[in-house]
Amino acid sequence: MRIAEHIYREFAAVVGERYISDKEYILAGDRAKTPEYPMEYHSADIIVLPASTQEVVEIVKLCNKHKLSFIPFMTGALPYAYPNRDGTVIIHLKRMNRILEIDETDRYTVIEAGVRHIQLYPELRKRGLCYPPAAVGPGGSVLANMTSTDGSNHVQHGFSRANRYLLGAEVVTPEGEVLRVGSLQGDAGWFCPDGPGPSLRGIIKGYSGTHGQFGVITKIAVGLSAANGPAEIRSEGISPNHKVYMDHPYSRAYVFNYPHIQNVCDAMLALGEAEVCSTVQKYFYLPLTLMMTNSANEFWEKWEGGYKDTMNMPLVIHIAARTQKEFEYEEKILFEVAAETGGERLPPELENWWNEHMDYFMLVNRLQSVLRLGGGWMPNKIGADSVQHMCDVAEAMGEYIHEYTDTGKIFNAPESYQIIPMEYGHFAHIEVLFMWDRCKPGVMKGVGEFRARSRQEDIDRHFHSETPGSLMPATMDLGPLYSNYHLWLQRLKQSFDPNNVSNPMM
C-alpha cells in the first residue's frame, strides 16, 4: 500500500522534501524480518524525520486525519519498532538529537529523543556526573530506554533502573496534544516526575515501557548521580579487539563462581544488606565466553576446555569506591560474604577480562560477539521481583530447560541467565539469554516451543519473571498475574488513543 500523492504532500509540507520518503530502498532499511519473531512485517508507507515537537504534533494530527498508524522510531533495536500492517508512518526522531541542558547543581539533564548514550554519557563524566546507561550499546537512545523500553543496566545494585531516573517529560499524545508531565505542568522546571495532581510517570514508563503505544515522547529530563572514577575512560585498540580501562585506584572487578543458584542468592542478599559494591550480578556464562573470545574456534576451545564448568554460575562484582578506606572496607565485606556463601574466586585470566573491559559497566560494546555462534539469540523473561523470587525462577527453569538443551533445540547452556539485584537487594531483575543455530533446519519450532513452555511455567507457578509492557499477545497471557494489568492497559489505550493509531501492535 502507498498513500495518495495529496496526502504525501501534506506530510512533506510539515518536514520538507528532504526529510520524507516513500522510496522502496529507503523504506527497506526500516523493515525487519528476522526468524526469531513470528510476526508479519510490512514496509511503512512513508518515513518522516521531524526536527521539533511542533512538527511531531502536525504529523500525528495528519495520521489521525487520514486513518494512518504511526510508530515513533529511533534505533530499531526491538521488533515492535517496525510496521506490522499497511498504512503505517514511521516517525524517525534522529534529527531531534540535542542535549538541551545539563544542570550540575540540581543534577539533571534535558535531552531530545535522538540523543544516544555515546553522546550523553561521556559529556556527563567530564563534569563528574553519570546515570546508569542501558545495556544496549553506545548507539541506543537514552530517551527510549528511559521511557519506552525495558532499559535494564548492569549497575542496578548500587544505582537503580532507568524508570527511577525519569524526571519531567514532554509527550505528544496519539491525538496530537502536547502534555508536559511532572513539575513541567506547573512551569516549575524539569526536576520532578510527579505532581501537582495525578502523576503520569507510570503510564509513560511503568516498569518496562509501552513501545510507543501512548504517543511520541519528544523530550525528557534524566536525574544524575555523582560519577566515581576518572572523567575520561581510557581505551586501546579497535572494537571488537579493544580494551577499556577505569584508571582509578579504587575501581576493581571480581568474579566468583558458585555451586548453586541459592548460594548466589545468599551472597546477593548479604552484599545488599551491607550496602557495598557498585555492581553485583549473576551473569550468563555463554555470552560471557563469546565476549571473551575473538572467533568461533577460540570459543569452542575455551568452552570445552573448562569455561562451561568453571564459570557456569559466575557472580560479577565491581567496587567503585571514593577513598582507600572505603575500598578496603567493601573488599573485606565482599571476601567475607564470598567465603560464607561458597564462592570460589576465578583465576586472574578470567577476572582481569572485566577490569580490561570496563565499558561493559557503562556502554556495552562487545555484545555483537554473541552473533558469532550460529546467529540466533534471544532474551527471554525479563522481569523483576524479590531476589529470592528471581532465584527461585532460575532454579525452576532447570526442571524443564534440559528438554530443549539436551535435544539440541537450543544451545546447551542451561544456566545462561543473569540476575541483577537492584537498590541493594530490595528487588531483582532476571533475563534468560538463550541461543541456537539459525542455519539448522526446523530450529525455530524448538525455539517457539521453549518460549511457550517458559511462559506457561511462569503462569502455572505464579512467577513474576516476565513483565508485561505494551499491548501484545504475551500481555494478554500474563496480565492476570499482574492484577489484570492487560485490562487496565486496554482501557488506558482506548482513552489516550481512541483511533488506535499509535503503534497498534494488537
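The values are calculated or read from the model by the stated rules, or taken from the named source; none is laboratory data. Please read these numbers as outputs of a predicted model, since none were measured by experiment. Here Cβ is always computed from backbone atoms with ideal geometry, including for glycine, and neighbour counts include all displayed protein chains.
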Practice task
Answer yes or no: is there a residue in segment 350-363 that is in a loop (DSSP other than H, G, I, E, B) and out of contact with any helix residue (DSSP H, G or I) (no Cβ under 9 Å at 6 or more places or on another chain).
Solution key: yes
Problem - Qualifying residue in segment 278-298 (condition: aromatic (Phe, Trp, Tyr) and not in a helix (DSSP H, G or I)) - result: yes
Exercise for the section: Taking residue 434 as the residue in question, decide whether it is hydrophobic (A, V, I, L, M, F, W, C), outside any helix (DSSP H, G or I) and at pLDDT 95 or above. Expected result: no
Practice task
Name, by its number, the condition in (1) more than 17 Å from the chain's Cα centre (by Cα); (2) crowded, with 18+ Cβ neighbours inside 10 Å that does not hold for residue 185.
Solution key: (2)
Practice task
Please specify each residue of segment 101-118 satisfying the condition of being under 19 Å from residue 170 (Cβ atoms), out of contact with any Asp or Glu (no Cβ under 9 Å at 6 or more places or on another chain) and crowded, with 16+ Cβ neighbours inside 10 Å.
Solution key: 112, 113, 114, 115, 116
Practice task
Return yes or no: is residue 378 modelled with pLDDT of 90 or more and either in a helix (DSSP H, G or I) or crowded, with 16+ Cβ neighbours inside 10 Å (or both)?
Solution key: no
Problem - Qualifying residue in segment 225-244 (condition: in a loop (DSSP other than H, G, I, E, B) and modelled with pLDDT of 95 or more) - result: no
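Yes/no per residue for (1) in contact (Cβ under 8 Å) with a residue 40 or more places away in the chain; (2) more than 18 Å from residue 337 (Cα to Cα); (3) not basic (Lys, Arg):
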site: 244; (1), (2), (3): yes, yes, yes
site: 253; (1), (2), (3): yes, no, yes
site: 259; (1), (2), (3): yes, no, yes
site: 269; (1), (2), (3): yes, no, yes
site: 278; (1), (2), (3): yes, no, yes
site: 289; (1), (2), (3): no, yes, yes
site: 300; (1), (2), (3): no, yes, yes
site: 316; (1), (2), (3): yes, no, yes
site: 322; (1), (2), (3): yes, yes, no
Problem - Meets criteria (at pLDDT 90 or above, assigned to a strand (DSSP E or B) and either assigned by TED's automatic domain parsing to the domain that holds residue 80 or surrounded by 22 or more Cβ atoms within 10 Å (Cβ to Cβ) (or both)) for residue 210 - result: no
Exercise for the section: Could you please let me know if residue 170 is among the acidic types (Asp, Glu), in a loop (DSSP other than H, G, I, E, B), at pLDDT 90 or above and not assigned by TED's automatic domain parsing to the domain that holds residue 372? Expected result: no
Exercise for the section: Determine if segment 166-180 includes at least one residue that is over 18 Å from the mean Cα position of the chain (by Cα), among the polar types (S, T, N, Q) and surrounded by fewer than 23 Cβ atoms within 10 Å (Cβ to Cβ). Expected result: yes
Completion exercise
Checked segment 163-197 for anything free of Cβ contacts under 8 Å to residues at least 40 places away in the same chain and farther than 25 Å from residue 61 by Cβ; matches are 183, 186, 188, 189, 192, 193, 194, 195, 196, 197
Exercise for the section: Evaluate segment 329-349: report whether one residue or more is out of contact with any Leu (no Cβ under 9 Å at 6 or more places or on another chain), in a helix (DSSP H, G or I), modelled with pLDDT under 95 and under 22 Å from residue 257 (Cβ atoms). Expected result: yes
Fill in the blank from the handout: Log entry, pairs with first residue in segment 487-506 being part of a helix (DSSP H, G or I), second being surrounded by 19 or more Cβ atoms within 10 Å (Cβ to Cβ) and among the aromatic types (Phe, Trp, Tyr), beta carbons closer than 6 Å, six or more apart or on different chains, reads 496/214
Practice task
Being surrounded by fewer than 19 Cβ atoms within 10 Å (Cβ to Cβ), part of a helix (DSSP H, G or I) and not basic (Lys, Arg) is the filter here, so list the residues in segment 304-328 that pass it.
Solution key: 304, 305, 306, 309, 310, 324, 326, 327, 328
Problem - Whichever residue in segment 191-207 is of a type in the set (A, V, I, L, M, F, W, C) and part of a loop (DSSP other than H, G, I, E, B) and, among such residues, is surrounded by the most Cβ atoms within 10 Å (Cβ to Cβ) - result: 192
Exercise for the section: Report, by residue number, each residue of segment 388-410 that is in contact with a helix residue (DSSP H, G or I) (Cβ under 8 Å, 6 or more places away or on another chain) and of a type in the set (Ser, Thr, Tyr). Expected result: 400, 404, 407
